[in-house]
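Taken together, the values in this text are just the output of simple stated rules run on the coordinates, not laboratory data. Note that the coordinates shown come from a computational prediction; the quantities given were computed from them, not determined experimentally. Cβ placement follows ideal geometry from the backbone for every residue including glycine, while neighbour counts extend to all protein chains displayed.
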Amino acid sequence: MIAVTGGIHDEFHEYVVARGPALLRAARQVTGDHHEAEDLLQAALVKTYLAWERIEDRAALDGYVRRAMVNINISWWRRRKLEEYPSEELPEPVHASARGDLPGIHGHLPEQVEQALDLLPARMRAAIVLRYYEDMTEPEIAKVLGISVGTVKSTVSRGMAKLRGALVISEPPRLEPQPQS
């Protein structure tokens, strides 16, 4: 292995060390899987490194990497989608209460939200992550995902409804006064 130092290499390395954990969290939200998130971030960082000298506004680096992650993930999603073929027999649906990894009344809310996000379709998950985790505007999301602003609005709305349905948070039990004997 050859060690390359100096110039853009050091600047890029510093960027990755400083922003890597936050970018990995964003990638995890986009993919819904830790291992896929690592692959996605690595692919996006390769694209970023190759374009490093062309990126004049260093303050826009996070946006560049996030956009690359979303574009790469969509490309991977489309490629995987082509590998799925219809079948004459449909599998039995798994009821939500039968799966242990679904959000429910146990666990912490951030974990429940991540689990619920994992259940959403890729584009819906990406739209919600970009809107609420990355704080992007609807026009920005539309541009990144290559869809209309109206589609962003409806996708985010439907996704949030699905998340609300998946996040079942129980209320604490009410204590009834005991009758006195």
If each K or R counts +1 and each D or E counts -1, the residues other than Thr137 whose Cβ falls under 10 Å of its Cβ total -1
If you count, for each residue, the other Cβ atoms within 10 Å and average over each peptide, how do 143-154, 120-131 line up from highest to lowest?
120-131, 143-154
A convex hull over the alpha carbons of the range 12-55 yields, per residue, a volume in Å³ of 65
Could you give the length gained by full extension between Tyr133 and Ala161, i.e. 0.36 nm per residue of separation minus their alpha carbon distance, to one decimal place?
8.4 nm
Modelling each spin label as a point 7 Å along the Cα-to-Cβ direction, I'd like the Arg78/His13 distance in nm, to one decimal.
3.7
Which GluC sites (Glu not before Pro) in the range 7-73 pass both tests, a DSSP loop state and at most 13 other beta-carbon atoms within 10 Å?
Glu56
